[in-house]
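To start, the structure itself, in C-alpha cells.
The values are calculated or read from the model by the stated rules, or taken from the named source; none is laboratory data. Bear in mind the structure is a predicted one, so any value in this text is a computation, not a measurement. Virtual Cβ from ideal backbone geometry, glycine too; neighbours counted across all protein chains shown.
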Amino acid sequence: MAKKSRKRWLWISLIVIAIGIAGVMMFSSGNEGPIEVSVEKIQSRTITQTVSAIGKLQPEVMVKISSEASGEIVYLGVRDGATVTPGQLLVRIKPDMMQSMLAQTRAAAEATKMSINVAKAEIDRAEADLKRVTELYKKSFASREEFDRATAAYQSASGRLAQTQADYDRARGALQETQVNVNRTTITSPMSGTVTYLGVESGEKVVGTAQMQGTEIMRIADLSTMNAWVDVDENDVALISVGDTARIKVDALTDVSLRGVVYEISHSPKTSGQGTQEEVVNFQVRIRILDPEQRMRPGMSCSVDIETETRSNVLAVPIQSVTVRQDETATEPAEEENYRMESRKADGAKKTNKPKSIVWINKGTTVESRAVETGISDDGYIEILSGVRVGELVVASPYQAISKQLKNGAQVLVEDPAARKDRYRQMRQAQ
C-alpha cells in the first residue's frame, strides 16, 4: 500500500514540474528581447520599370530554298556558312526527265502546227467549191442540195481550222511550261546573305514543291540585321509599347550586352498546355538589335529586359520593405432577420478591408506601420506615391520581421548593415 502511495506522489510531482516548465517557457516567450532589423533612409531615386522575357535570335530576312523540280542533285555550289550574292548558282538538278518531256511537248507542238497547214488547205478547197456551186445555183445549173452540201463542207473546214489552231495554242503552252520546268532544275540565289542551313549533299534526290511540301535544300539569311524574338506573359505585354528600349543578353556571348528597340508586338497569342492547369498564354514581341555582334547566330538563346517606363526623382524604398497586412477588424455575423441589410454592410466592409500595402517606419527603439500607395518598381526599389517623407528610416530587413513579427510599438534593435552582412557571411562559412 505504501508503494502505491509513493508512486502516486511521484506522478503528481512530475506533472507539477512539467506545468512549471511550460509556464516558464510561456512567460519567457512573451518577454522576448528587441527584434534586430536593418533600416534605410527614404530618398528620391530614378525608377525604371522593366519586363523580362526570354527568346531566340532571328535574322531580319531569311529565305528557305526548295526545288520546284524533283530529281538528283548533280551540282552543289555552296557549303554551310558560305556568303552568296544574287543570281549565284547554288544547285543544279539532273534534267534528263525534264529534257525528255521537253522533246515530247516540242514534237506535239510541231505536229499541231502542221495540222494547221492541212486545215488551211482544206478550207481553201471548200471555199472554192462553195463559190463555184453558188454561181451555178444562181443560174439554176446546180440544185439546192448541191448548194447546201458545199456550204456545209465550207463550215466544217472552218471549224476544223479553229480547232487545230486551239490545239496548237494548247501545245505551245505545254511547251512553255515544260521549258520553265527545265529551267527550274537550276537554282540561283535570290538575295545576298549567308547560308545558315544546308540540308542536302551532292548526289541526293529531292522532291519538288509540286509534290506536297517538297525538300528544303538550304536557308539563306541576311545577318547584317538581327532581331530578338521573345515570348512575353499576357500580364506584362500590355505594359510594352513599340519603341521601348531593351537590353539584350545572349547566353553564348556572356561578355557583351546589346541594345535594342521594340518594333513589333504580336496580336496572336501563343498558348501552351491549353485546357490544363499549366496553361500559359504568351505574346511574341520582336526587338531589333541596334548594335549586332558578328558572333551572333540565328537560333541563339537570349534574355531581354524591356524598359517600359522611367520616372525620375520619386520617393522609393526597397521592394522587401513593402508588405501587405490584412486589417484585424472584422464585422459581426449578420442576424437572420436583418440578413439583407447586414449583407450589404458586410460587402462594404470587404471592400474597405482589402489588404493594404504598408511599410515599417523606425522611431528610434520602436516601429510604427505606415499605409502607403505604391507605383512602378525596378529590380531593387519600388516607388511610393504617398504615405512617407524624405529622410524617414524604413525597415529594410529581415523579411521575416517585416512580414510577420513587427507590430506597432514593437521594440527593435537597429543593426548596422555592414555588420549584418558580415554576420551572414560568417554563418554561411560555418555551414
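Condition (residue is modelled with pLDDT of 90 or more, more than 17 Å from Glu68 (Cα to Cα) and part of a strand (DSSP E or B)) applied to the range 181-194: is it met by at least one residue? Yes, that holds for at least one residue. For Arg92, the conditions (1) assigned to a helix (DSSP H, G or I); (2) in contact with a Leu (Cβ under 9 Å, 6 or more places away or on another chain) all hold with the exception of (1).
A quick yes/no check of all residues on (1) modelled with pLDDT under 75; (2) surrounded by 10 or more Cβ atoms within 10 Å (Cβ to Cβ); (3) within 27 Å of Thr308 (Cα to Cα):
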| site | (1), (2), (3) |
| --- | --- |
| Gln326 | yes, yes, no |
| Trp360 | no, yes, no |
| Val367 | no, yes, no |
| Ser377 | no, yes, yes |
| Ile382 | no, yes, yes |
| Leu385 | no, yes, yes |
| Glu392 | no, yes, no |
| Gln400 | no, yes, no |
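Considering the range 260-291 alone, what residues qualify as being among the hydrophobic types (A, V, I, L, M, F, W, C) and part of a loop (DSSP other than H, G, I, E, B)? Of everything in the range 260-291, just one residue is among the hydrophobic types (A, V, I, L, M, F, W, C) and part of a loop (DSSP other than H, G, I, E, B), namely Leu290. Quick check: anything in the range 138-146 touching a Ser or Thr at 6+ places or on another chain (Cβ under 9 Å) and either among the β-branched types (Val, Ile, Thr) or part of a strand (DSSP E or B) (or both)? Within the range 138-146, not a single residue is touching a Ser or Thr at 6+ places or on another chain (Cβ under 9 Å) and either among the β-branched types (Val, Ile, Thr) or part of a strand (DSSP E or B) (or both). Would it be correct to say that Ser257 is among the hydroxyl-bearing types (Ser, Thr, Tyr) and more than 15 Å from the chain's Cα centre (by Cα)? So Ser257 fits the description; yes.
Keeping to the range 307-324, report how many residues are out of contact with any helix residue (DSSP H, G or I) (no Cβ under 9 Å at 6 or more places or on another chain), within 25 Å of Lys404 (Cβ to Cβ) and either hydrophobic (A, V, I, L, M, F, W, C) or at pLDDT below 90 (or both). Residues in the range 307-324 being out of contact with any helix residue (DSSP H, G or I) (no Cβ under 9 Å at 6 or more places or on another chain), within 25 Å of Lys404 (Cβ to Cβ) and either hydrophobic (A, V, I, L, M, F, W, C) or at pLDDT below 90 (or both): 3 in total. Of the residues making up the range 156-197, those that are of a type in the set (Gly, Ala, Ser) and within 21 Å of Arg92 (Cβ to Cβ) are Ser189, Ser192, Gly193.
Residue by residue, here is whether (1) exposed (fewer than 14 other Cβ atoms within 10 Å of the Cβ); (2) under 43 Å from the mean Cα position of the chain (by Cα) holds:
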{"residue": "Glu145", "(1), (2)": "yes, no"}
{"residue": "Ala150", "(1), (2)": "no, no"}
{"residue": "Ser156", "(1), (2)": "yes, no"}
{"residue": "Ala162", "(1), (2)": "yes, no"}
{"residue": "Gln165", "(1), (2)": "no, no"}
{"residue": "Ala171", "(1), (2)": "no, no"}
{"residue": "Thr186", "(1), (2)": "no, yes"}
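Would you check if Thr151 is in a helix (DSSP H, G or I), under 23 Å from Thr164 (Cβ atoms), touching a residue at least 60 places away in the same chain (Cβ under 8 Å) and touching a helix residue (DSSP H, G or I) at 6+ places or on another chain (Cβ under 7 Å)? No, not satisfied. Considering (1) surrounded by fewer than 17 Cβ atoms within 10 Å (Cβ to Cβ); (2) more than 51 Å from the chain's Cα centre (by Cα), the lone condition that Gln99 does not fulfil carries the number (2).
Looking at the range 244-258, which of its residues are closer than 20 Å to Thr308 by Cα and surrounded by 13 or more Cβ atoms within 10 Å (Cβ to Cβ)?
From the range 244-258, those closer than 20 Å to Thr308 by Cα are 244-249, 257-258; that's our starting set.
Asp244, Thr245, Ala246, Arg247, Ile248, Lys249, Leu258, listed by residue number.
Filtering Ile240, Ile220 for residues that are among the aliphatic types (A, V, I, L, M) and under 21 Å from the mean Cα position of the chain (by Cα) leaves a single hit, Ile240.
Quick grid of which residues meet (1) free of Cβ contacts under 8 Å to residues at least 40 places away in the same chain; (2) aromatic (Phe, Trp, Tyr); (3) in the same structural domain as Ser397 (by TED's automatic domain parsing):
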site	(1), (2), (3)
Thr271	yes, no, no
Gly275	yes, no, no
Gln284	no, no, no
Gln294	yes, no, no
Pro298	no, no, no
Ile319	no, no, yes
Val322	no, no, yes
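With respect to the conditions (1) under 25 Å from Ser202 (Cα atoms); (2) surrounded by 15 or more Cβ atoms within 10 Å (Cβ to Cβ), Gly81 lacks only one, and its number is (2).
Per the conditions (1) loosely packed, with under 15 Cβ neighbours inside 10 Å; (2) not in a loop (DSSP other than H, G, I, E, B), the sole criterion not satisfied by Gln294 is (2).
Mind checking which residues of the range 218-243 are part of a strand (DSSP E or B), β-branched (Val, Ile, Thr) and surrounded by fewer than 17 Cβ atoms within 10 Å (Cβ to Cβ)? Scanning the range 218-243 gives a single hit, Thr225. The set of residues in the range 102-119 being among the polar types (S, T, N, Q) and surrounded by 14 or more Cβ atoms within 10 Å (Cβ to Cβ) consists of Thr105, Thr112, Ser115.
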